[in-house]
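Before any comments, here is the structure.
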Amino acid sequence: MRADFRQACAERSLGEVLRLAKRWGGVGFTASHLARRCELTVSRVQDYINGRVQAQRVEIFERVADGLHIPGEMFDLAPRSWETRSGHVRPVADASHSQVPSEDGDPSVLRRDFMKLGAGLAATSMVAQLPGMPSRVAGNRVGASTVDELRARFGRLRLLDDHLGGADTYGYYLAEVEKTAGLLKDGSFASGPARREMLSFFAEQAQQAGWAAFDAGWHDKAKDLYERSFNAAKEADDAALAANALALRSYQLLPSTDVAVDLTDKSCAIAAKSAHPGVKSLLYQRGAWTYAVAGQADKAAWALGEAEHALTASPSDGFGPEWALWAHNPTELQIITGRCWTELHRPLRAVPALEAAMAQYDDSHARDKALYLSWLAEAYLDAGEVEHSATAVSRALDLSANVASARPQQRLSVVVGRLEPHQSVPEVADLLAQRPLDPFQVGS
């Protein structure tokens, strides 16, 4: 763990503790997020961070310790109840032994180091038996509360995908998939609905693990997980999750477009029947991409239009499940719009969308931003803006240098290949002189 965080805890400098958590915890660690977790108001969190108020009461430190899962000893408190329930929880400071020091203190690298540490701590706490969760022994009963608890905990682990590559997260996600598979095999369910809920949850987990495998370049593993997810979703009668499994599998099959488009057609047909705008947004956006890669401009434009319509829809039964909501916002729609029109070689449509999205997309999402910059670089090339393209590639290479994902380097190699005929342009010459083209291999 960072030495300054340990010191802030030891000195009970709550403002510094919250400031460091906000800075290095990633985009999700906003003042609002910290306030919610620590049972404080947003204004009070900001007061602590800005030094306007100094925390004195023990109960405040107890709330923060519980909300951020900081072991009690770091605040000179008694062990917290969640520490004793889950057996031995390794103090945050002890985790430093397994961390590689960040090079040059680069903020994006330090933030990813912080997130990797968080992944280890999350996995440690999740491996321990959960309160109220039966052991994997035949005869134990599993109810709706068990599924809710597991889903809430996995939701926190899922956030790591925003900041780390699939080679870093795959092991964590797969371990949770197999634990849930064990419960489905050995547990005794309180009701039919409880088992269906667990099947749906398993389908979510398998998709997340499959996505991590895909991101790492391990396609056989991804295929297996997507198929397991689809079968579980069908058994649970969860059409939305089944459709998402089809959409994810279609990504893998590209550029074998006939099969991929067939799966996407089925996914979009399910999206049309969904009552949840968030589900529509995600499935139509993924459909648009498949159609664009297949060169079907009209169908891509149609899917993008349906996704845009979903953003303005008034839901009758909520916006949708948590696994789908990440795509239900204007920025994600701008990104997929720009990517689609880049793939279809329409730079006048692609560049404005991607430029607008990248202007507000945080560097802590290093893998994804590097990928999206690769499409912006291609769109610039199609528009004849070679200098801008080379600059975008250089920025993307910097972002992706420390991410355990195969996809950014694969994409950027393609773009640099297109830049090579323009070596007379100084920006391109500088880029090629750095020799960034060695294939980035992620071991299985």
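What follows draws every value from the coordinates through simple rules; no lab data is involved. No experiment lies behind these values; they were computed from the predicted model shown. Here Cβ is always computed from backbone atoms with ideal geometry, including for glycine, and neighbour counts include all displayed protein chains.
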Point to revise | Paramagnetic label zone (point 7 Å from Cα along Cα-to-C-beta, GLU227; backbone N under 17 Å) in the stretch 262-276 | key: 263
Revision key, fill the gap. Rg/Rh of the stretch 129-235 (Cα atoms, Kirkwood Rh), to two decimals, equals 0.98
Practice item. Name the residues whose placed amide hydrogens come within less than 5 Å of the amide hydrogen of SER188, ignoring near sequence neighbours (fewer than 5 apart) on the same chain. Key: GLY139, ASN140, ARG141, VAL142
Check your understanding: Which of the peptides 66-79, 223-236, 193-206 is most tightly packed, and how do the rest follow, judged by the mean count of other Cβ atoms within 10 Å per residue?
Key -> 193-206, 223-236, 66-79
Check your understanding: Under a plain spin-label model, where a point goes 7 Å from the Cα along Cα-to-Cβ, how far apart in nm are ALA433 and GLU149?
Key -> 6.1
Revision key, fill the gap. In the neighbourhood of ALA213 defined by beta carbon distances under 10 Å, the net charge of the other residues (Lys, Arg +1; Asp, Glu -1) is -1
Point to revise | FRET efficiency for GLN423 and ALA383, using Cβ-Cβ distance with R0 set to 22 Å, rounded to 0.05 | key: 0.70
Revision key, fill the gap. Label model pair ASP258, SER81: point-to-point distance (7 angstrom along the Cα→beta-carbon line) in nm is 6.2
Practice item. Find the eigenvalues of the gyration tensor of the Cα atoms of the stretch 238-326, then list the square roots of 5 times those eigenvalues as equivalent ellipsoid semi-axes, largest first, in whole angstrom. Key: 22, 14, 9
Exercise for review: At 7 Å along the Cα-to-beta-carbon direction for both ARG52 and ALA297, put a label point, then send me their distance in nm to one decimal.
Suggested key: 5.4
Check your understanding: If you take the beta carbon distance between ALA272 and ASP4 as r and set R0 to 45 Å, what does 1/(1 + (r/R0)^6) give as a FRET efficiency, to the nearest 0.05?
Key -> 0.30
Review point. Mind listing the phi-derived Karplus ³J(HN,Hα) values for the stretch 205-215, rounded to whole Hz, using 6.51, -1.76 and 1.60 with θ = phi - 60°, and x for any glycine or proline?
Key: 4, 5, 5, 5, 5, x, 5, 5, 5, 4, 5
**Study point:** Mean Cβ neighbour count within 10 Å, used as a protection proxy, ranking 210-220, 323-333 highest first
**Key:** 210-220, 323-333
